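Every read-out reported here was derived from the displayed coordinates using simple, explicitly stated rules and does not represent laboratory data. Treat the numbers as computed from the prediction; the structure is a model and nothing was measured. Please note: Cβ atoms are built from the backbone with ideal geometry, for glycine as well, and neighbour counts cover all protein chains shown.
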Amino acid sequence: MAKPVRAALGEIWITCQFCEGDLFRVRKVLLNSSGMEFMKLAWADESATGLICWQCGYVHLFVNKDIKVYRADK
């Protein structure tokens, strides 16, 4: 299982929009488009950073590459 992380965008620490938790699991998410899928080029689509709330499971997507992820002790 993934380790919990905390995340920040610049000076702003990210909290869950739903439950206000501050621990997340992180993963890369492809933002597939149907046209690129049809042409077998889905690998070239843009990706996002997905933060999955450790407490409630709400998924937050960030396309901003400046997001920083920090290891957290649960």
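What FRET efficiency comes out for the pair residue 28/residue 66, r = Cβ-Cβ distance, R0 = 22 Å, nearest 0.05?
Result of the calculation: an efficiency of 0.90.
Please find the FRET efficiency linking residue 11 to residue 46, where r is the Cβ-Cβ separation and R0 is fixed at 22 Å, and quote it to the nearest 0.05.
0.30
Taking θ as phi - 60°, what are the ³J(HN,Hα) couplings along segment 46-59 by the Karplus curve (6.51, -1.76, 1.60), each to the nearest whole Hz, with x for Gly and Pro?
Along segment 46-59, the couplings run 5, 10, 9, 8, x, 10, 9, 4, 5, 8, 10, x, 4, 9 Hz.
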